[in-house]
Structures are given as C-alpha cells and as structure tokens.
Amino acid sequence: MASYLPQANGLLPYWLLIISVTSVGNTVQAFLSLKGTSQVYAGAASIDAPSSTPTKAINITPLQSRTFGTWTLLSSVVRLVAAYNVNDPAMYALASATFVIASGHFLSEWLVFGTTKMGRGLAGPVVVAHVSLLWMFMQRGFYLQ
C-alpha cells in the first residue's frame with residue numbers, strides 16, 4: 001500500500017493527495033447534483049439583514065454545476081500529479097497556481113460579485129486554498145532544493 005503513496009519527504013505531498021482525492025468527490029457531486037455547488041454559491045447577505053438571510057437567490061444551473069465540476073477535476077489532476085512530483089519546479093508552480101486561482105475565484109465571488117456569502121459552503125474551499133497556498137509558499141525551498 002505504501003508504494004501508492006507519494007515518496008517525497010514531508011507532509012505536503014500527502015496533503016496534495018488528500019485534497020486531490022477529496023476534489024474528485026466534489027467533482028462527482030457537481031455532476032450528479034446541484035446541492036454542493038448551490039451551497040458554495042449561496043447568495044450574498046445584505047448589510048441590513050442578518051448574515052444568515054440571503055437577499056439574492058443564486059440559481060445554479062446543471063451546466064454551471066458541471067462546469068464547476070470540470071474545473072474542480074482539472075485542479076484535482078494537477079494537484080495529484082504535483083503530489084507525486086513535488087520536487088519538480090514546474091509541477092510545484094502549477095499546483096500553487098491552482099490554489100491562487102481558486103482563492104481568487106472564491107474571494108471575488110464573495111467580495112466583488114456577491115454571488116456567495118461566507119458560510120459553510122464557502123469556508124471550506126477558502127480555508128483549503130489559503131492554507132495550501134501558504135504552506136506551499138513557506139515550504140518552497142524545502143521541496144525545490
């Protein structure tokens with residue numbers, strides 16, 4: 001079983017593997033149901049209303065959900081390859097870029113476009129993207145010696 005795990009030192013390769021496998025699950029969910037995608041894009045809360053009361057209804061279409069699933073799958077594949085090739089500068093940069101793009105996307109949908117609000121559906125992807133990006137930035141010298 002250990003032969004299937006990333007062979008590089010440290011925990012980052014395992015983290016990338018876990019995030020990749022989890023993302024495949026999110027991809028399947030996005031293709032089969034609108035529920036998960038609808039939780040991420042739950043609509044913005046008004047400043048005047050309690051934060052738990054969205055003032056905009058965001059209607060997620062099956063096409064949008066599948067597009068989100070495809071984007072998630074692409075990120076998952078990049079992160080999976082990076083987990084097994086974490087010492088390759090190009091793969092390290094690509095994996096880092098997936099987290100930059102995810103972070104930029106989720107934050108802009110929340111803070112600029114107002115299509116989501118901070119809550120259960122958005123917090124997970126935002127935390128994973130930021131923690132992963134910070135971790136990769138801090139450990140770059142260790143993995144790319």
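The values are calculated or read from the model by the stated rules, or taken from the named source; none is laboratory data. In this text the structure is predicted, and so the values were computed from the model without any measurement. Glycine also receives a Cβ, built like all others from the backbone with ideal geometry; neighbour counts cover every protein chain displayed.
As for region 114-136, it holds no residue that is at pLDDT 95 or above, basic (Lys, Arg) and either over 15 Å from the mean Cα position of the chain (by Cα) or at positive phi (or both). Could you check region 97-111 and list, in sequence order, the residues that are crowded, with 18+ Cβ neighbours inside 10 Å and either touching an Asp or Glu at 6+ places or on another chain (Cβ under 9 Å) or under 14 Å from TRP135 (Cα atoms) (or both)? Of everything in region 97-111, those that are crowded, with 18+ Cβ neighbours inside 10 Å and either touching an Asp or Glu at 6+ places or on another chain (Cβ under 9 Å) or under 14 Å from TRP135 (Cα atoms) (or both) turn out to be THR98, PHE99. Considering only region 76-89, I want to know if a residue exists there that is over 18 Å from LEU144 (Cα atoms) and at pLDDT 95 or above. Among the residues of region 76-89, at least one is over 18 Å from LEU144 (Cα atoms) and at pLDDT 95 or above, which makes the answer yes. Within region 1-28, the set of residues being among the aliphatic types (A, V, I, L, M) and either within 24 Å of VAL112 (Cα to Cα) or not in a loop (DSSP other than H, G, I, E, B) (or both) comprises ALA2, LEU12, LEU16, LEU17, ILE18, ILE19, VAL21, VAL24, VAL28. The set of residues in region 84-112 being assigned to a helix (DSSP H, G or I), under 17 Å from PHE137 (Cβ atoms) and in contact with a Leu (Cβ under 7 Å, 6 or more places away or on another chain) consists of PRO89, TYR92, ALA95, SER96, PHE99, VAL100, SER103. Candidates in region 29-61 are the residues that are touching a Phe, Trp or Tyr at 6+ places or on another chain (Cβ under 8 Å) and in a loop (DSSP other than H, G, I, E, B); of these, the one that is modelled with the lowest pLDDT is ALA44.
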